[in-house]
Amino acid sequence: MRVSLIVAGLVAGCAVAQAQNKLVLDGSTTVGPIAKAFAESYMRQNPGVNITVSESGSGNGAKALLNGTCDIANLSRDLKDTEKKAMEEKGLKPVAHVVAYDALPVIVHPSNKVKGLTIEQIRGIFTGTIKNWKEVGGVDQAIVVISRDTNSGTFESFKELVLGKDAKIIDSAEYTGSNGAVRQRVQMTKGAISYAGLGFVDKTVKALEINGVAPRAETVLNKTYPISRSLFMFTNGEPAADSLAAKFIGLSLTDKGREIIEEIGFVPVPAKK
Amino acid sequence: MKGSEHLILSAAEKLQRKILGLLGRSLLFAVTSVAALSVLAILFFIARDAWPFFRDKGVAAFFFSTAWYPAHQPPEFGAAAIFVGSLLVTLTAVALAVPPGVLAAICMSDILPFSVRQVLKPVVEMLAAIPSVVYGFFALTVLAPFLQDSGKWLPGGFEISSGVNALNASVILGVMALPTIVSVSEDALQAAGRELREGSYALGATRAETLVKVVLPAAVSGVFSAVLLGIMRAMGETMVVWMASGNAAQIPKPWYNLLQPVRTLTATIAGDMGEADQMTGSAHYHVLFAMGLSLLVISFLCNLAGEWIVTRQRKRLRGG
């Protein structure tokens, strides 16, 4: 699929000399849905343009940009120092474009009496020093720690934002393979605690206040909600204003783009005033 | 050949036949080799990618440490808890599936009327046709909440805080292994033959005596193969354990506590393959191959042991 689209793009590129009408994106599975929705919308308005979006994870996105196999790398985190260094050594100039913000609400069973926790308490629960809800003001019930699998960007973000570099998650923690599965497990399990992307939290689970702040669009934007992150698209060098890449990334600052981002469940970048 | 001259081949014809014969044989040999070679090729490629892990990280930590932190800096790849998880889930599943499976096979082959058996056997075999992800879905949405709620009914009334655990995965794996066990054992019991049963009746044995003392011993190697196939099925299953076992890389405390989540080899490979880094050849990538190699070696040893027991049994039965 991807290959055939690229080939189609190449053929079209030969026919219309110099016209820039193909764009290849690779990277995060979190940013992927935004890029895909943008691509769909952009291609509908500009027939003849080919945009392909692959979702191979943030790390592979960075690698694809380094190897020149994509024009834009989607990342749900900033570039690591090692990645930046590798790119600079190759003569690339990675430029970050923030396209949206995401928060990771900490979710529990709706019947849970606990309203909120501090970051320290959450860290205690996930590393195993707090094992019962009564220790944090709830009923006498064992805490069931549920995490995303260790390969997901969501896991990496949570680990970095909440647990810190040296913390190890308690070995009795359960691991599930998707945001949807996390929500499903928390709905069913009275003692459960977990985390998921903002777009996955609905009425069937309860999102906790962290340090007294509930996860909402406003609290993400004014940076009072502590477990939030920026979602990036990286290009090699600042793209020219009339280039396809610039127009594509620019979508995130249009009304249509903001609507798409909100629909998927992320927080759009607000208009500058 | 004497007397009939046209049957005597010329040297050229002889050569032609020889070549044709050789060609035919080598073609057949090549086709047969493909099956054997593909197994060897799989073994080779898995071992090739597992080797860098053992070379860099050693063998001891992999087999004896329980510290499984693949995403930590620096990462730790102690798989002991994962081996225990695989073993625990497999053995429990087999322990749950073998008694009812073998009894059902006996019932079908020797007790129920033939017409009932003709209906029942395909129904049991239908269990094998259900995709494993459907079993996993059932485990997650039906069995897990049921287990959570049923804790208070058990003697002692203790609480099952998470329904996704070793018991859940074992029960589902047991159900999945059931059709193999029932079907293969039933075939073995049938193969014991009518003559054997009639001979036994003729000597004055009752139906129960015939069943227990004649038919079962005669079919025991087949029943054993059925159990072995069931073990393989349970150990190799991936989707169900990934969804139903909880994937916690711990040895339950105490080790036989089936109500705690565990992690298995297959689920670890499936769950971590997605982003384990192939291009840079990271340790996380190679450790999954080390696990695959371990699985392969374990099932190979199981097969070998099974083969040995079956041949020994056959010899014993023949009075050899």
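So, in segment B:238-265, of the ones that are among the hydroxyl-bearing types (S, T, Y) and buried (at least 24 other Cβ atoms within 10 Å of the Cβ), which residue ends up nearest to the other protein chains (Cβ to nearest Cβ)? Explain how you work it out, then say what you get.
First, the residues of segment B:238-265 that are among the hydroxyl-bearing types (S, T, Y): B:238, B:245, B:256, B:264.
Narrowing further to those that are buried (at least 24 other Cβ atoms within 10 Å of the Cβ): B:245, B:264.
On the way: B:S245: 9, B:T264: 12 Å.
So the residue we want is B:S245.
In this structure, does A:E263 turn out to be exposed (fewer than 15 other Cβ atoms within 10 Å of the Cβ), in the same structural domain as A:D78 (by TED's automatic domain parsing), at pLDDT below 90 and not small (G, A, S)?
Numbers: exposed (fewer than 15 other Cβ atoms within 10 Å of the Cβ): yes; in the same structural domain as A:D78 (by TED's automatic domain parsing): yes; at pLDDT below 90: yes; not small (G, A, S): yes.
Yes; evaluated as a whole, the condition is true for this residue.
Among the numbered conditions (1) closer than 20 Å to A:S172 by Cα; (2) within 14 Å of another protein chain (Cβ to nearest Cβ), tell me where B:S150 comes up short.
Here B:S150 clears every test but (1).
Quick test of your reading of the structure: B:L293 fulfils all but one of (1) within 13 Å of chain A (Cβ to nearest Cβ); (2) at pLDDT 85 or above. Name the failing condition by number.
Among (1) within 13 Å of chain A (Cβ to nearest Cβ); (2) at pLDDT 85 or above, the lone unmet condition for B:L293 is (1).
Quick one: which helices (runs of 4 or more DSSP H) lie wholly within segment A:146-244 and hold at least 1 residues that are more than 28 Å from B:S161 (Cβ to Cβ) and more than 12 Å from every other protein chain (Cβ to nearest Cβ)? Steps first, please.
Working: elements: A:153-158, A:179-188, A:217-221.
Answer list for segment A:146-244: A:217-221.
Among the residues of segment A:24-82, how many are more than 15 Å from the chain's Cα centre (by Cα) and at positive phi?
Of the residues in segment A:24-82, 2 are more than 15 Å from the chain's Cα centre (by Cα) and at positive phi.
Which of the residues belonging to segment A:181-225 are closer than 30 Å to B:L265 by Cα and open to solvent by 30 Å² or more (accessible area, probe 1.4 Å)? Reasoning before the result, please.
Here is the first cut: in segment A:181-225, the residues closer than 30 Å to B:L265 by Cα are A:181-197, A:200.
The answer is A:R183, A:Q184, A:Q187, A:M188, A:K190, A:F200.
Can you name the residue in segment B:291-309 that is more than 15 Å from B:F54 (Cα to Cα) and in contact (Cβ under 8 Å) with a residue 24 or more places away in the chain and is also least open to solvent (accessible area, probe 1.4 Å) among such residues?
Checked segment B:291-309; the qualifying residue least open to solvent (accessible area, probe 1.4 Å) is B:G306.
If a residue has to be more than 19 Å from B:I298 (Cα to Cα), open to solvent by less than 50 Å² (accessible area, probe 1.4 Å) and either in contact with a Gly (Cβ under 8 Å, 6 or more places away or on another chain) or among the charged types (D, E, K, R) (or both) to count, how many in segment B:28-60 make the cut?
Total satisfying the criteria: 1.
Return the only residue of B:V142, B:V133, B:V119, B:V124 being out of contact with any Phe, Trp or Tyr (no Cβ under 8 Å at 6 or more places or on another chain) and surrounded by 15 or more Cβ atoms within 10 Å (Cβ to Cβ). It would help to see each step written out before you state the result.
On the way: B:V142 fails: surrounded by 15 or more Cβ atoms within 10 Å (Cβ to Cβ); B:V133 fails: surrounded by 15 or more Cβ atoms within 10 Å (Cβ to Cβ); B:V119 fails: surrounded by 15 or more Cβ atoms within 10 Å (Cβ to Cβ).
Testing whether each residue is out of contact with any Phe, Trp or Tyr (no Cβ under 8 Å at 6 or more places or on another chain) and surrounded by 15 or more Cβ atoms within 10 Å (Cβ to Cβ) leaves just B:V124.
The values are calculated or read from the model by the stated rules, or taken from the named source; none is laboratory data. Model, not experiment: these values are computed from the prediction. When we count neighbours, we look across all protein chains shown, and the Cβ atoms used for this are built from the backbone with ideal geometry, even at glycine. The accessibility values were calculated without ligands, DNA or RNA, using every heavy atom of the protein model including side chains. Shrake-Rupley method; radii C 1.70, N 1.55, O 1.52, S 1.80 Å.
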